[in-house]
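The values are calculated or read from the model by the stated rules, or taken from the named source; none is laboratory data. In this text, all values refer to a predicted model and were calculated from it rather than measured experimentally. Here the Cβ is made from the backbone with ideal geometry for all residues, glycine too, and neighbour counts use every protein chain on show.
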There are 2 protein chains.
Amino acid sequence: MKKTTTDTPAKVLKVLDVSSGDSHSAGIQPITFVRQVITGCLYPRILQGDTLPPDARLRAQTLLQHLDGGSTGSYTESCGSMYVRNTIARSISLRDGGVLSHPDRVFITADTQRALMVMLRLLCQSEGVSAVMIPDPAPHTLTRLLDHVGIASVSFRLQETSGWSIDRAELNRAIQASRGRCSPRAIYISNPGNPTGAVQSRESIEDVIRFAHDERLFLLVNEEYQNTVFADGCEFVSYKRVLAEMDEEFSQSVQLASLHSLSNGIMGECGLRTSFMELVNLDEDVMLYTEVLLTGDLCPPVIGQIALDVMMAPPCPGDPSYCVYTEEVSSRLKTLQCNVSRAVSFFNDLPGFSCQSIQGGVFICPQLSLPHSTHTHSQPVGLLYSRRLLEDQGVCVGFSEDHTHSHCCHFRLCVLMPSDELEEVLGRLHCFHLKFLQEY
Amino acid sequence: MKKTTTDTPAKVLKVLDVSSGDSHSAGIQPITFVRQVITGCLYPRILQGDTLPPDARLRAQTLLQHLDGGSTGSYTESCGSMYVRNTIARSISLRDGGVLSHPDRVFITADTQRALMVMLRLLCQSEGVSAVMIPDPAPHTLTRLLDHVGIASVSFRLQETSGWSIDRAELNRAIQASRGRCSPRAIYISNPGNPTGAVQSRESIEDVIRFAHDERLFLLVNEEYQNTVFADGCEFVSYKRVLAEMDEEFSQSVQLASLHSLSNGIMGECGLRTSFMELVNLDEDVMLYTEVLLTGDLCPPVIGQIALDVMMAPPCPGDPSYCVYTEEVSSRLKTLQCNVSRAVSFFNDLPGFSCQSIQGGVFICPQLSLPHSTHTHSQPVGLLYSRRLLEDQGVCVGFSEDHTHSHCCHFRLCVLMPSDELEEVLGRLHCFHLKFLQEY
């Protein structure tokens, strides 16, 4: 549950919640063209005037023609409007240098959690204790989701000092250690990394694919931050593309679900609750069963489906809205990039903290390492620090404990927000941190 | 999956799907004020002009003030915006003659299926085979949902010849028959009835509450059609109100979840995927656990939450949009009432069919009873008839077999649609039915 204020003796501070990637809540404005198209669809009488630019009107009219009864109030197909699934598939093919994407392998869902829940149910129906290999640190919603569906996790440690990379030896160690305890069925990857900000190279992706192949693991790849890669010389390459371009031994056999969402990155439309996944190398029967499982939701939110259509096929050069759209996207990316640089320096200057530079995504993941002697409290340091930070300064951050070093932990902060808002967060953090160090 | 066309040798007929309650898809227009408020929230720059009426602008501004960052793109609390939950609770209290409703016992969910899924998980976690008592006929999505979560069903037959009433003796028979096979934890009621159209009297509701009390069953009550009651002298009374007005023995102990939704009845906003439930007499701990289970979805769709705010607090007398809103709602109700009357007469005039008159909801539930000798097919008659009807005339209806009389079945048809669309459905049905009778 979100809180909106917290009491301190001196004054009431507005809580600044940077623990999740909800950028609109932090003051990032929505992308105008997305909202214009949705508006046209929801309130078609507006299409008659010139309130909306002509390309937004045209897009809305086209989308309405593909909705039953011409209304966003109707159900679509259980796995999403076939029209929108076509848009998504075309866009994926373009992204992947022509690697084919089939709309009937694209499933629109109520959100990424729902897509993951369905895939986990599908993968882990056999006898015994099923498990999923997950990175450490992992997205904060992932372990809760695994608990929810009753699936064990097998953690592999990301290599912080080499930019949070995935190490094949560590993958081997983790899976060996799980033997006898549980049966890993899948490996979950977040690329660009949530919360690490690491962007995998093609070679790193190939490594993971080979590991999945050798261990017969399903690849659950969250690629929600694919449009927020900003480090120089760094680009997003999809698992789907890398897999398709590997030898047949891999490309024809390794099973993959790639997840993408409206909620994250530049769009930030969390409230619309819509995501999609593309499935690769699954049997037709399993695809059909996936559809059956998704049918329980009747259909994904229609407004979100419309926004997905825009996200996957934004205005083109020459379209009336192209300049505004492009300018809005690039200004948000620029803000993000400046904020990352500012926040990374900030933490590296703060006694006890260190922070890797990041390549993509919206989070930074600084490490706090306190001198051994200071840690005499019963609470783990991450929990203690973040609870006190929230109470004292109204700043809510995510954290993950370091299970091997009790005086160490990592924090997760979303930095996609207006720069003055970030300054406010860092200012409060600075103030709290010095007090915390003095006290402990 | 929806189809849009079907091939016949002669021509391509547009499929008319009357099996679900998706009225927008059948051509019913959305309620203007709902769409205006959503539009104002999604695209706030429209609030500056006079494109929208002043009360829609004011409502949108107020709602935006209660969304983090003033954007529909932000997450709300996991169980829905507390502002909207307050609106809902106030509206429930008004509906129930002042019986108090607490916003923290109102949970907004992605849709009714999700709410039910969470409640079923909560209720049926004990050892052994848990079951839910369900009416026969039942909403078509209910048995699928029970299968999905792995819960058995115990059917009780509704009394067709007395207007699809619930009979206490039949409830007793059903629960006795389940002994040794499974453990019923809850009883599911749909009032007004889907698909029967029956509206329960206060006495009938009291009967069910006493039964639930005696058998220690949780009451899962779907009241989605509470705003579409139209029979003379008939009014909707909520389970919550009846329960609150009974002796303490019942009012302080019987546990109840009452479900309501945007999707059904006059609103018909299925595509927005938002519902809510109110929980009564649950322990605080269980309420907290319900919240935890709902947290898996992060939050319900925000656009749907806005529409719920309007549905539960529509324009008041004197407001600029009051007349239009009232006129739109009453014209849809009038259409529904005319259609019901037309469709019930139609089926009663068709050889082999009989149809009870109905009091509320959007469905009719005619019975087909074929002469014994005609039924020489391997398929049950409901499946056979509806499959052939779809193939031959492109009309998709729901059906439920009669398990005791193989030559009997019931159909489910939504009749909330423009009257000329209903005539088209009935015309095709008539044409098919005469052919079907000749052939069999």
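Remarks
- Restricting attention to region A:229-282, the residues being among the small types (Gly, Ala, Ser), surrounded by fewer than 23 Cβ atoms within 10 Å (Cβ to Cβ), modelled with pLDDT under 95 and out of contact with any strand residue (DSSP E or B) (no Cβ under 8 Å at 6 or more places or on another chain) number 1.
- Flag not set for residue A:186, criterion: at pLDDT 95 or above and under 14 Å from the mean Cα position of the chain (by Cα).
- Just so you know, in region B:78-90 the residues that are within 12 Å of chain A (Cβ to nearest Cβ) and buried (at least 21 other Cβ atoms within 10 Å of the Cβ) include one that is farthest from the chain's Cα centre (by Cα), and it is B:81.
- Looking at region B:334-424, the strands (runs of 3 or more DSSP E) lying wholly inside it that each contain 2 or more residues that are touching a residue at least 60 places away in the same chain (Cβ under 8 Å) and within 24 Å of residue B:23 (Cβ to Cβ) sit at B:398-401, B:408-414.
- Only one of the numbered conditions (1) at pLDDT 95 or above; (2) out of contact with any strand residue (DSSP E or B) (no Cβ under 7 Å at 6 or more places or on another chain); (3) surrounded by 24 or more Cβ atoms within 10 Å (Cβ to Cβ) is not met by residue A:24, and that is (1).
- Every listed requirement among (1) in a helix (DSSP H, G or I); (2) within 14 Å of chain B (Cβ to nearest Cβ) is met by residue A:93 save one, (2).
- Of the residues making up region A:11-33, those that are more than 9 Å from chain B (Cβ to nearest Cβ) and either in a helix (DSSP H, G or I) or not hydroxyl-bearing (Ser, Thr, Tyr) (or both) are A:11, A:12, A:13, A:14, A:15, A:16, A:18, A:21, A:31, A:33.
- Residue within region B:213-232 that is within 25 Å of residue B:120 (Cβ to Cβ) and part of a helix (DSSP H, G or I) present: yes
- All positions within region B:320-352 that are buried (at least 18 other Cβ atoms within 10 Å of the Cβ) and among the charged types (D, E, K, R): B:328, B:332
- Selection of first residues in region A:305-317 that are closer than 16 Å to residue A:271 by Cα and in contact (Cβ under 8 Å) with a residue 60 or more places away in the chain and of second residues that are outside any helix (DSSP H, G or I) and among the aliphatic types (A, V, I, L, M), restricted to Cβ pairs under 7 Å at least 6 apart or on distinct chains, gives the following pairs, ordered by first then second residue: A:305/A:108; A:307/A:262; A:308/A:108; A:308/A:262; A:311/A:262; A:311/A:267.
- Hits in region B:96-137 - residues which are within 14 Å of chain A (Cβ to nearest Cβ), among the small types (Gly, Ala, Ser) and surrounded by fewer than 23 Cβ atoms within 10 Å (Cβ to Cβ): none
- Checking B:386, B:378 one by one, the residue that is more than 24 Å from residue B:235 (Cβ to Cβ) and either within 24 Å of the chain's Cα centre (by Cα) or assigned by TED's automatic domain parsing to the domain that holds residue B:192 (or both) is B:386 and no other.
- Scan of region B:165-182 for residues that are at pLDDT below 95 and not small (Gly, Ala, Ser), ordered by number: B:179, B:181, B:182
- Among (1) within 14 Å of another protein chain (Cβ to nearest Cβ); (2) of a type in the set (A, V, I, L, M); (3) more than 20 Å from the chain's Cα centre (by Cα), the one test that residue B:254 misses: (1)
- Those residues of region A:265-289 which are part of a helix (DSSP H, G or I) and either within 30 Å of residue A:413 (Cβ to Cβ) or facing chain B (nearest Cβ under 8 Å) (or both), in sequence order: A:270, A:271, A:272
- Test for residue B:294: is it surrounded by fewer than 24 Cβ atoms within 10 Å (Cβ to Cβ) and either out of contact with any strand residue (DSSP E or B) (no Cβ under 9 Å at 6 or more places or on another chain) or in contact (Cβ under 8 Å) with a residue 24 or more places away in the chain (or both): yes
- Scanning region A:39-70 for residues that are under 18 Å from residue B:34 (Cα atoms) and either away from chain B (no Cβ under 13 Å) or out of contact with any helix residue (DSSP H, G or I) (no Cβ under 7 Å at 6 or more places or on another chain) (or both) turns up A:45, A:69.
- Verdict on residue A:100 being assigned to a helix (DSSP H, G or I) and either basic (Lys, Arg) or in the same structural domain as residue A:220 (by TED's automatic domain parsing) (or both): no
- Every condition in (1) modelled with pLDDT under 95; (2) buried (at least 18 other Cβ atoms within 10 Å of the Cβ) holds for residue B:308 except the one numbered (1).
- Residue match in region B:290-298 (condition: of a type outside the set (D, E, K, R) and away from chain A (no Cβ under 14 Å)): no
- The lone exception for residue B:67 - which of (1) within 26 Å of residue B:403 (Cα to Cα); (2) out of contact with any strand residue (DSSP E or B) (no Cβ under 9 Å at 6 or more places or on another chain) it fails: (1)
- Selection of region B:159-204 for residues being buried (at least 22 other Cβ atoms within 10 Å of the Cβ), assigned to a loop (DSSP other than H, G, I, E, B) and on the phi < 0 side of the Ramachandran plot yields B:166, B:191, B:192, B:193, B:194, B:195, B:196, B:198, B:199, B:200.
- Residue within region B:111-121 that is free of Cβ contacts under 8 Å to residues at least 12 places away in the same chain and in the same structural domain as residue B:308 (by TED's automatic domain parsing) present: no
- Total residues in region B:91-105, condition of a type in the set (A, V, I, L, M, F, W, C) and more than 19 Å from residue B:281 (Cβ to Cβ): 1
- Residue match in region B:143-150 (condition: at pLDDT below 95 and of a type in the set (S, T, N, Q)): yes
- Count of residues meeting criterion [away from every other protein chain (no Cβ under 14 Å), assigned to a helix (DSSP H, G or I) and either more than 20 Å from the chain's Cα centre (by Cα) or under 26 Å from residue A:72 (Cα atoms) (or both)] in region A:310-333: 7
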